[in-house]
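See below for the structure under consideration.
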Amino acid sequence: MTYNQIIRTIQSLLESHAMIRTAKNATPGEWIFKDGQPEFPLCCYSVVDGTLNKGQEQVYNVQFFFLDKSGQENLFEQDVISDQLQIASDIISIIRTGKRSYFIEDQTSFRTISDKYEDYLAGVEITLNITTTSDNTCADIPLR
């Protein structure tokens, strides 16, 4: 899969989840003060880096932020974190099941988030290594 295909796949996957109202290809710091108020809950993501392995294997390191408003003074922080962790778990389950041209590791760590931007937000951050195979072969490389 190409970089563009990975982005389209992630975007489509996030938009298909009934609880995610906004999916953005950006980190919270990139959109929180620049864009208009998004519809919550949301998931934003960014391809941080990756590796080009032997053969045609490519690994994309993708950071996801599952966030929602947590009320005045973070009154509902615990409930929001619980809900966002469940949404993240749903997305991971979808990635792990079915016939797909990519896969992730068996174990995924998460980090809870509780922060004040313009509003109080809470949720979870996960980072996945999404492993795929390039469609290009040595014969496809343009040479002079």
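Determine the shape class of segment 1-41: with a ≥ b ≥ c the square roots of the Cα gyration tensor eigenvalues, call it rounded for a/c under 1.5, and otherwise prolate if a/b is greater than b/c, oblate otherwise.
Oblate is the answer for segment 1-41, as a/c is 1.5 or above yet b/c matches or exceeds a/b.
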Review point. Between Ser109 and Ser93, what is the spin-label point distance in nm, taking each point 7 Å from the Cα along the Cα→C-beta axis?
Key: 2.4 nm
Exercise for review: For segment 53-123, just say rounded, prolate or oblate: build the C-alpha gyration tensor, square-root its eigenvalues into a ≥ b ≥ c, call rounded for a/c under 1.5, and beyond that prolate if a/b exceeds b/c, oblate if not.
Suggested key: prolate
Review point. Separation of segment 61-79 and segment 1-59 by C-alpha centroid, Å?
Key: 17 Å
Study note, to complete from the structure: By the C-alpha gyration tensor axes a ≥ b ≥ c (rounded if a/c is under 1.5, else prolate when a/b exceeds b/c, else oblate), the shape of segment 13-70 is prolate
Exercise for review: With log10 I(q)/I(0) by the Debye sum over Cα atoms at q = 0.12, 0.14, 0.19 Å⁻¹ in mind, check [x] -0.52, -0.68, -1.12; [y] -0.66, -0.77, -1.05; [z] -0.47, -0.64, -1.20 and report the label derived from this structure.
Suggested key: [x]
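Given a 1.4 angstrom probe, I'd like the percentage of the accessible area of segment 33-133 that is carbon and sulfur, rounded to a whole number.
On the way: 2710 of 5860 Å².
Heavy-atom surface of segment 33-133 belonging to carbon and sulfur, 1.4 Å probe: 46 percent.
Where both residues lie in the chain, what percent of DSSP beta bridges are antiparallel, nearest 5?
On the way: 32 of 35 bridges.
Bridges in the chain are about 90 percent antiparallel.
With both partners inside segment 13-94, how many of the DSSP beta bridges are antiparallel, as a percent to the nearest 5? Provide the component values of the computation, followed by the final result.
Details: 10 of 13 bridges.
Roughly 75 percent of the beta bridges in segment 13-94 run antiparallel, per DSSP.
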Practice item. Using a 1.4 angstrom probe, figure out how much accessible area the chain has per residue, in square angstrom, rounded to the nearest whole. Key: 61 Å²
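The values are calculated or read from the model by the stated rules, or taken from the named source; none is laboratory data. A quick note: this is a predicted structure, and the numbers were derived from the prediction, not measured. Every residue, glycine as well, gets a Cβ built from its backbone with ideal geometry; the counts of neighbours run over all protein chains shown. The accessibility values were calculated without ligands, DNA or RNA, using every heavy atom of the protein model including side chains. Shrake-Rupley method; radii C 1.70, N 1.55, O 1.52, S 1.80 Å.
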